[in-house]
Amino acid sequence: MTTDIHTHLGSHRMDYDNVDTSNLSKHTETLISRMDTFGLQRAVLTPANPINGNEVTLEAAAIYPDRLFSSCMIMPRPIDGARRQIRKYVDQDCKALIIDERFCYPGDPATLALVGEAIDASIPVMYHNEIMRGDWFSFVDNASMLYPDGKFVILQMGGLFGFPQMIPLLTRDNIWMEISVNLVKLVESHLRVFLDAVVQDMGVSKLVFGSEHHSEYPDIMASLNLIDLNIETSRVIQQENAWLLLGLDFSW
């Protein structure tokens, strides 16, 4: 059964800002229904923003505590407040810290300090970028060397055109790449050669299943079939890497 480490609530992929307590139950039920249809056992909800998004995803996860988990999104400044927040959300069983380019800056020392707080709390750090630009590449590069015991996940494969430059970082033991919506684009583009190189040269141990939104499940599942996985390699991407990153019990 697949685990989705990155998904938003909402009626479509760009609708996550419109989810609130008034429609939360409806969107949560829709997600669970889609998970059942496509054979997903668990999912980690990604907040829409650091203002009220964490509370919304925590509330949704509480509706189905055996199926849904929450990640947290925190603004790095003020840093003392960020430290208190990450401890609070970890105590509430948030499974990952989201570093979102809309609310964090790679040149800000507070962003690196926030990453360090997540590593100290033993939760993975997930980078949410539309396209992984050079300044963010350098940030991930430096953070992964500074915190070798951390777990770092590049969401959306670093973006369609950010993906090739991220490949060298996958040689590190503490960096993974989440497939999300860009896998679908990669298998149909001239950049497919880079994807094939990752699968053939590094294996699938560096890839982990995520969707961005449940409406993407059909296309993502179809794209996984196009990269010629067997049962064992499919299980690594769709189950085992997620469990390893999130600290879940493999016996579930």
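Just so you know, all these numbers are worked out from the coordinates, no wet-lab data involved. The structure displayed is predicted, hence computed values, not measured ones. Reconstructed Cβ throughout: ideal geometry from the backbone, glycine too, with neighbour counts over all protein chains shown.
Express the Stokes-Einstein translational diffusion coefficient of the stretch 170-252 in µm² s⁻¹, to the nearest whole number, given a Kirkwood radius over alpha-carbon pairs, 10 °C and a viscosity of 1.306 mPa s.
It comes out at roughly 120 µm²/s.
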Revision key, fill the gap. Descending packing, highest mean Cβ count within 10 Å first, for 175-182, 192-199 is 175-182, 192-199
Check your understanding: Antiparallel DSSP bridges in the stretch 2-246: what percent, to the nearest 5?
Key -> 0
Point to revise | Highest-first arrangement of 98-110, 42-54, where packing means the average Cβ count within 10 Å | key: 42-54, 98-110
Exercise for review: Can you find, among Ala143, Ala60, Val184, the residue farthest towards the positive end of the dipole of the stretch 2-246? Put +1 on the C-beta of Lys and Arg, -1 on that of Asp and Glu.
Suggested key: Ala143
Point to revise | For the stretch 38-86, the Rg and Dmax computed from alpha carbons only, in angstrom | key: 12.5, 42
Revision key, fill the gap. Taking the stretch 84-235, the whole-percent share of alpha-carbon pairs separated by over 26 angstrom is 25
Review point. Whose amide H sits under 5 Å from the amide H of Met177, counting only residues 5 or more places off or on another chain, with H placed in the peptide plane?
Key: Ile154, Leu207, Val208
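Mind checking the dipole of the chain: about its Cα centre, +1 per Lys or Arg Cβ, -1 per Asp or Glu Cβ, Debye to the nearest 20?
Approximately 160 debye in magnitude.
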Point to revise | 22 Å Cα-Cα threshold exceeded, pairs from Lys95/Lys151; Lys95/Lys206; Lys151/Lys185 | key: Lys151/Lys185
Point to revise | Cα gyration tensor shape of the stretch 1-156, rounded if a/c is under 1.5, else prolate or oblate by comparing a/b with b/c | key: prolate
